[in-house]
Amino acid sequence: MLKKVLVANRGEIAVRVIRACRELGISSVAVYSEADRLAPHVWHADEAYPIGPARAAESYLSIVRLLNAAKRSGCDAVHPGYGFLAENADFSGACEAAGLIFIGPTSETIALMGDKTAARRAMEAAGVPVVPGNTEALKDLDELRTVARDIGYPVLLKAAAGGGGKGMRRVDDDSGLKSAWSAAQREAQAAFSDSRVYLEKYLSRPRHVEIQILADGHGNVIHLGERECSIQRRHQKLIEESPSPVVTPELRARMGEHAIAAARSAKYRGAGTVEFMVAEDHFYFLEMNTRLQVEHPVTELVTGTDLVHAQLRIAAGEPLTLDSLEPRGHAIECRINAEDPFSDFLPATGRIEQLRVPSGPGVRWDGGIERGTEITLYYDPLIAKLIVHAQSREAAIDRMARALDELIIDGVATIAPFHRRVMDEPDFRAGRFHTGYLEEHSGLLDGGDESDRQEAIALAAALLEDRGRRRVRLEHDAPAAGPNLWRWPQGGWSGRGRGTRG
Ligand code: MV4
């Protein structure tokens, strides 16, 4: 087994990985920026090394500083988490060159999947369905016009070095080609220092369904079913679940086989995700993510598998002992972002003054915050994840609503109230949604009216006084007890309306 792992990350994912290390008897090493001296991931770890200023470019994104910390700590492996350098082929290559095990696939696999046209070629060769379009970067406007007419409008221009929705341009007819061509190239150059673009047929309102895979170094590859991630805002996932309401056992088996073929053709090692778009009974390869994903817990809950344990075991050279299996029950994750959902998801900052974390049956909290944690603009707004598991989708939604009711975060705005509304929204409850869900339900983002705000403030005040969260008042808060107040009041504490006071 590995002896000591450096976690090249912060926040909830660093805590998640450190916990897994402790469970497997592996020492953990945290790294921290000047803004994170008191952050939870630092005290969860066995040792911790400063790696520079708050700015990520000078700390969590500094390959030299991370490798220096790795060397000083004497670790044998590096876990990148997600974000930061997790899908950076230079970083994994530098770890390998320094004699460290990079917990993830090889730098060749990362580079292959980072180039979207190369990935499309590899997938096509492996027999995995890809969206109609071209698999080489476009040379000029003439070629763009030819390919666009060939596959038929509408089409979507995408950055070859892209992913995550940056640099995409939809074109509806010949007249839109020229401006889209230069705009897409300009955006791609600005975002990825690589102006290459290519074309895909535009799919209307696809669902985003992704398959979790695990591959060991001995040729074993399994899939662990799908995650439904269609509830997004500007390409940021907000709610994920497993299984998907639209995936049948037959579809799961077919998508799973293609995901396994994709992983094999990329000589994949470790945990990975094959993203598909699902539109009208067809599914198409979108991207492969060569990392552990934010939403991995929903898969863990329905498959009974610990994906971080699996990553650590695979990195240590152990063979997989699991087999692909059908999901049990239903899991949902709500991302708790420090953003104001009623002000266009404006990032929120400040100090976590009060924190009451939900618990009870089927509830999991993966957090990177504590009372007193400072939320700054230096890092991602994802501060925690609330995940539930229950026997059915309906029961899981009810459980999530209950857990959100228990959650109190005071001091920094979060999108928890938005999630609470979604849990009551009929289309979500019915599983009727696609990637345009939020645009079609913009009412979910209205308001945060004054009474909501006042209620939240009153609840936080109650917590400060250690009275807990009360939808009903405690008996000693009630007016002097009338004759019928021994019963739970239906019409409030006055007793009126139940015929007890005339
Ligand atoms: C598409 C598409 C429609 N047609 N490609 C957005 C993020 C990037 N990974 C790919 N994306 C899309 N690619 C074709 N040919 C629609 C989207 C898309 C989307 C995809 C997955 C999840 C959410 C999305 C939200 C808007 C657009």
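The values are calculated or read from the model by the stated rules, or taken from the named source; none is laboratory data. Keep in mind the model is a prediction, meaning the values are calculated, not measured. Every residue, glycine among them, receives a Cβ derived from its backbone with ideal geometry; neighbour counts consider all protein chains shown.
Tell me the residue from Ser343, Ser359 that is among the small types (Gly, Ala, Ser), surrounded by fewer than 18 Cβ atoms within 10 Å (Cβ to Cβ) and at pLDDT below 95, please.
Details: Ser359 fails: at pLDDT below 95.
Step by step, each of Ser343, Ser359 is checked, and only Ser343 is among the small types (Gly, Ala, Ser), surrounded by fewer than 18 Cβ atoms within 10 Å (Cβ to Cβ) and at pLDDT below 95.
Out of (1) over 30 Å from Thr117 (Cβ atoms); (2) touching a strand residue (DSSP E or B) at 6+ places or on another chain (Cβ under 8 Å), what's the single condition that is false for Leu307?
Of the numbered conditions (1) over 30 Å from Thr117 (Cβ atoms); (2) touching a strand residue (DSSP E or B) at 6+ places or on another chain (Cβ under 8 Å), the odd one out for Leu307 is (1).
Which one is surrounded by the fewest Cβ atoms within 10 Å (Cβ to Cβ) among residues in the range 20-58 that are touching a residue at least 60 places away in the same chain (Cβ under 8 Å) and assigned to a helix (DSSP H, G or I)? Spell out the reasoning first.
Within the range 20-58, the subset touching a residue at least 60 places away in the same chain (Cβ under 8 Å) is 20-21, 23-24, 26, 33, 35, 38-41, 54-56.
So of that shortlist, the ones also assigned to a helix (DSSP H, G or I) come out as 20-21, 23, 35, 40-41, 56.
On the way: Ala20: 21, Cys21: 24, Glu23: 12, Ala35: 17, Pro40: 21, His41: 25, Ala56: 19.
The qualifying residue surrounded by the fewest Cβ atoms within 10 Å (Cβ to Cβ) is Glu23.
Yes or no: the range 180-193 includes at least one residue that is surrounded by fewer than 21 Cβ atoms within 10 Å (Cβ to Cβ), closer than 18 Å to Leu286 by Cβ and not small (Gly, Ala, Ser).
Yes, some residue in the range 180-193 is surrounded by fewer than 21 Cβ atoms within 10 Å (Cβ to Cβ), closer than 18 Å to Leu286 by Cβ and not small (Gly, Ala, Ser).
For the range 434-444, check the following and say yes or no: at least one residue is part of a loop (DSSP other than H, G, I, E, B), within 16 Å of the ligand (Cβ to nearest atom), of a type in the set (Val, Ile, Thr) and touching a residue at least 40 places away in the same chain (Cβ under 8 Å). Give the derivation first.
As a first pass, look at the range 434-444 and keep what is part of a loop (DSSP other than H, G, I, E, B): 434-436, 441.
In the following step, the residues that additionally are within 16 Å of the ligand (Cβ to nearest atom) were identified as 434-436, 441.
Okay, now just the ones that are also of a type in the set (Val, Ile, Thr), so 435.
Narrowing further to those that are touching a residue at least 40 places away in the same chain (Cβ under 8 Å): 435.
There is at least one residue in the range 434-444 that is part of a loop (DSSP other than H, G, I, E, B), within 16 Å of the ligand (Cβ to nearest atom), of a type in the set (Val, Ile, Thr) and touching a residue at least 40 places away in the same chain (Cβ under 8 Å).
Within the range 410-433, which residues are outside any loop (DSSP other than H, G, I, E, B) and of a type outside the set (Asp, Glu)? Before you say what the answer is, go through the steps one by one.
The first filter runs over the range 410-433 and keeps only residues outside any loop (DSSP other than H, G, I, E, B), leaving 410, 416-424, 426-430.
If the condition is that a residue be outside any loop (DSSP other than H, G, I, E, B) and of a type outside the set (Asp, Glu), then Ala416, Pro417, Phe418, His419, Arg420, Arg421, Val422, Met423, Pro426, Phe428, Arg429, Ala430 are the ones that fit.
Would you mention how many residues in the range 151-186 are within 15 Å of the ligand (Cβ to nearest atom) and either outside any helix (DSSP H, G or I) or closer than 18 Å to Arg120 by Cβ (or both)? Show your work before the answer.
Narrowing the range 151-186 to residues within 15 Å of the ligand (Cβ to nearest atom): 151-172, 180, 184.
This time we only want the ones that are either outside any helix (DSSP H, G or I) or closer than 18 Å to Arg120 by Cβ (or both), so: 151-172, 184.
Qualifying residue count, the range 151-186: 23.
Run down Leu292, Leu238 and say which single residue is crowded, with 19+ Cβ neighbours inside 10 Å, in a strand (DSSP E or B) and either under 13 Å from the mean Cα position of the chain (by Cα) or without any contact (Cβ under 8 Å) to a residue 40 or more places away in the chain (or both).
Working: Leu292 fails: in a strand (DSSP E or B).
None of the other options fit; the residue is Leu238.
Does the range 296-309 contain at least one residue that is in a helix (DSSP H, G or I), among the acidic types (Asp, Glu) and within 16 Å of the chain's Cα centre (by Cα)? Give the derivation first.
Looking only at the range 296-309, we keep the residues that are in a helix (DSSP H, G or I), and these are 296-303, 307-309.
Of the ones still in play, those that are also among the acidic types (Asp, Glu) are 300.
Applying the additional criterion that residues be within 16 Å of the chain's Cα centre (by Cα) yields 300.
Yes: one or more hits.
What about Thr299, is it hydroxyl-bearing (Ser, Thr, Tyr), surrounded by 24 or more Cβ atoms within 10 Å (Cβ to Cβ) and more than 16 Å from the ligand (Cβ to nearest atom)? Full working, then the answer.
On the way: hydroxyl-bearing (Ser, Thr, Tyr): yes; surrounded by 24 or more Cβ atoms within 10 Å (Cβ to Cβ): yes; more than 16 Å from the ligand (Cβ to nearest atom): yes.
Here the answer is yes, as Thr299 does meet what is asked.
Can you find even one residue in the range 255-276 that is assigned to a strand (DSSP E or B) and hydroxyl-bearing (Ser, Thr, Tyr)? If you could, list the steps in order and put the result at the bottom.
So in the range 255-276, the residues assigned to a strand (DSSP E or B) come out as 270-276.
Now restrict to residues that are hydroxyl-bearing (Ser, Thr, Tyr): 273.
Yes, the conditions are met somewhere in the range 255-276.
Could you list, in sequence order, all residues of the range 356-367 that are touching a strand residue (DSSP E or B) at 6+ places or on another chain (Cβ under 6 Å) and in contact (Cβ under 8 Å) with a residue 40 or more places away in the chain?
Listed by number, the residues that qualify are Arg356, Val357, Val363, Arg364, Asp366, Gly367.
Could you identify the single residue in His235, His223, His208, His258 that is within 16 Å of the ligand (Cβ to nearest atom) and modelled with pLDDT of 95 or more?
His208
For residues in the range 253-267 being more than 21 Å from the chain's Cα centre (by Cα) and not aliphatic (A, V, I, L, M), which is farthest from Leu320 (Cα to Cα)?
The extreme case among them is Arg254.
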